[in-house]
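The values are calculated or read from the model by the stated rules, or taken from the named source; none is laboratory data. The structure presented is a predicted model; accordingly, all values stated were derived computationally and were not measured. Don't worry about glycine lacking a Cβ; one is built from the backbone with ideal geometry, like all the others, and counts go over all protein chains shown.
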Amino acid sequence: MATSSTWVVCLNLRGGRVFTFSPDDGIKFFREFRRPTIMTKRADLLEPSELSEIPKPIESPQKEWQVANSFSKYVAGEMEKGCRNGSFDSVIFCAEPVLLDILFRSIGICTNSAIIGKVPLDLYEVNESDLVNYIKDIIGQAGTSEAA
């Protein structure tokens, strides 16, 4: 019998990193999602209310949204392929809240049914040992609900 695996997907507008987590092996880097083909100068999306807080935008908010939508559709498609192929049993997404909202609009049925949690933070550059601290409660809750 195959060991169950959880994918932990950390995204921002620079790209995405996928880690695998299993009780037997812990957390390990698995793969990188390519960077968006349309690059922005920023890695974060701004909420509309935040636009007034900066003297002049570094980049057009429309371009940031275009990049986020395009990248989210790509990631969602790759995740759906992985889900249908049985590459993971469950998934946790980590990204800033605006990017999570955009991503979840594109997520397919299989991937949606595998989501066990989300962390509304940009953890793209976090290493394996630090990432565990952000997901341990989600993993613990998922294990508890499966045992019940």
Only one of (1) acidic (Asp, Glu); (2) at pLDDT below 95; (3) within 15 Å of the chain's Cα centre (by Cα) fails for residue 80. Which number is that?
(2)
Report, by residue number, each residue of region 94-114 that is out of contact with any helix residue (DSSP H, G or I) (no Cβ under 6 Å at 6 or more places or on another chain), farther than 19 Å from residue 66 by Cβ and surrounded by 15 or more Cβ atoms within 10 Å (Cβ to Cβ).
94
Filter region 68-85 for residues that are crowded, with 19+ Cβ neighbours inside 10 Å and hydroxyl-bearing (Ser, Thr, Tyr) and give the result.
72
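Here are 136, 118: which of them is part of a helix (DSSP H, G or I) and of a type in the set (Lys, Arg)?
On the way: 118 fails: part of a helix (DSSP H, G or I).
None of the others qualify; the one that does is 136.
Would you mind stating whether residue 91 is modelled with pLDDT of 95 or more and either out of contact with any Asp or Glu (no Cβ under 6 Å at 6 or more places or on another chain) or not in a helix (DSSP H, G or I) (or both)?
Values: modelled with pLDDT of 95 or more: yes; either out of contact with any Asp or Glu (no Cβ under 6 Å at 6 or more places or on another chain) or not in a helix (DSSP H, G or I) (or both): yes.
Taking the combined requirement at face value, the residue satisfies it.
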